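One structure below.
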Amino acid sequence: MIIPWDIDVRRGSCGIYMGLALGVLFAGNVLAESFPSTAQAMKFEDFELKLPKGLDRADFYLPPDNPMSKDKVALGRTLFFDPRLSSDNTVSCVTCHSPLAAFSDKRQVSLGVGLQAGDRNAPTIINRAFSREQFWDGRAGSLEEQLKLPLINPTEMAMPSHELLVKKVADIKGYKSWFKRVFAREVNIDDLAKAIAAFERTVVSGNARYDEFKAGDQQALNEAEKRGLELFEGKARCSQCHNGPNFTDERYHNLGVDWDTVHVDLGRYNFTRKEQDIGAFKTPTLREIANTAPYMHNGTFETLEETVTLYNSGGIANPFLDVEMRRPNRTLEQMLEYYEKGKTEREPSPESELVRLDLTKQEQADLVAFLRTLSGQGWQHITPPDFFPE
């Protein structure tokens, strides 16, 4: 089945992005990519994933029951791009996670089957291998678990059930034999998710100019970007939540975003039913942040400048505003100690309690300049398959 990648299969929507002016990741089923500066390599029986500089192999999460292999990654890549995984053959994973948008979606919220709009912005899949809990609210405990849900979500890919999806895929002879070769058994939903997860774990970003600077190249950043880094780690308090190689604490925070609207998204609370999670959303990675607009869980900000303005104002007041938005600056060690002690109180936070950063216009510009240095390498070469199994 050959797909004309230069057309949109869903008129009026983001569709499937084709005709990518990118290099080649796969030659047949072989992953062949190297980076100018490589930190570490993840080696498997017949597969090697090279991690760009700045990423930490120790943080790479791989379930014991889903080892990587060339053929599994290639199968997952094909499934990722295949719109036949949806009820009307128009929506694929790439519909909402496009390589042209650093594997995110330029829309505020994505469009699924029948052009139905979702209720949250599609986050990038880049560096998902460094995170266990998935979705803005963390309701999926692994990448494999997460991948099963959009398939049967009525506003996304809208398959009536996993069973019907499995039958649909198994009825495609090319997929049936491919699954048998990779997993030594018939098509099932767990293996389908494992294959796509294996592919997604190869979509990484590192070796950014920031990483070169941290490795000792003082010329990698200009003066404005260096000032922005100093603000990021200091006055602007960004690193309290955006820390580590992937620039996320993997925790959930209430910034008050959309609290001033009629319909408030309660975030992680919808999943946990814990008061401390009301309005809390997961800290996203800042890797490739310059390429993944719009921002926040609801895609409300179109630019980094707008996003920085929100933080500079101290967020939006609400009774459950994150404690980090209302207290004096603390070190990372103090912050971790706070959470380890199980502190979860949420006192009221009127406007007077908001902790404004008081960044000047120049400081805000410097901070944005630094954020743009987090664009790196490791994903730009990924292209759609030349054909789909029949």
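What follows draws every value from the coordinates through simple rules; no lab data is involved. Bear in mind the structure is a predicted one, so any value in this text is a computation, not a measurement. With ideal geometry, Cβ positions are generated from the backbone for all residues, glycine too; neighbour counts draw on all protein chains shown.
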Starting from 0.36 nm per residue, how many nanometres of slack lie between Glu230 and Gln116 once their C-alpha separation is accounted for?
36.8 nm
For a quick check: with amide H placed at 1.01 Å from N, whose amide H comes under 5 Å from Val257's, ignoring anything fewer than 5 positions away on the same chain?
Ile316
For Ala280, which sequence-distant residues (separation of 5 or more, or a different chain) have an amide H within less than 5 Å of its own amide H, given hydrogens modelled in the peptide plane?
Arg268, Tyr269
Among Lys72/Lys168; Lys167/Lys282; Lys53/Lys194; Lys50/Lys361; Lys235/Lys282; Lys148/Lys176, which pairs are too far apart, with a Cα-Cα distance over 30 Å?
Lys167/Lys282; Lys50/Lys361
So if R0 is 45 Å, what FRET efficiency would Gln218 and Ser142 give, r being the distance between their Cβ atoms, rounded to the nearest 0.05?
0.65
Gained length - Ala184 relative to Glu48, 0.36 nm times residue gap less alpha-carbon distance
46.8 nm
State, to one decimal in nm, how far the label point of His162 lies from the label point of Arg356, with both points 7 Å from Cα in the Cβ direction.
5.1
Checking segment 203-308 for GluC sites (Glu not before Pro) in a loop per DSSP with at most 14 other beta-carbon atoms within 10 Å yields Glu302
Taking R0 as 25 Å, what's the FRET efficiency between Asp65 and Lys173 from their Cβ-Cβ distance, rounded to 0.05?
0.40
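Using the Kirkwood radius over C-alpha pairs as Rh, can you work out the diffusion coefficient of segment 26-200 via Stokes-Einstein at 4 °C, viscosity 1.567 mPa s, in µm² per second?
After rounding, the answer is 77 µm²/s.
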For segment 197-210, what does the Karplus curve 6.51 cos²θ - 1.76 cosθ + 1.60, with θ = phi - 60°, yield as ³J(HN,Hα) per residue in whole Hz, taken in order and with x for Gly and Pro?
4, 4, 5, 4, 5, 8, 8, 10, 9, x, 6, 7, 4, 4
Karplus ³J(HN,Hα) for segment 109-125 (6.51 cos²θ - 1.76 cosθ + 1.60, θ = phi - 60°; Hz, whole; x = Gly/Pro) runs 9, 7, 10, x, 3, x, 6, 6, 8, x, 10, 9, 6, 6, x, 5, 8
Please arrange Phe281, Phe183 by counting, for each residue, the other beta carbons lying within 10 Å of its beta carbon, fewest first.
Phe183, Phe281
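Just how many % of Cα pairs in segment 93-163 lie over 20 Å apart, if you round to the nearest whole percent? Walk me through the numbers before you get to the answer.
Values: 678 of 2485 pairs.
Percent of Cα pairs beyond 20 Å in segment 93-163: 27.
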Whole-Hz Karplus ³J(HN,Hα) for segment 248-254, in order, using 6.51 cos²θ - 1.76 cosθ + 1.60 and θ = phi - 60°, x for Gly and Pro?
7, 8, 6, 10, 10, 9, 9
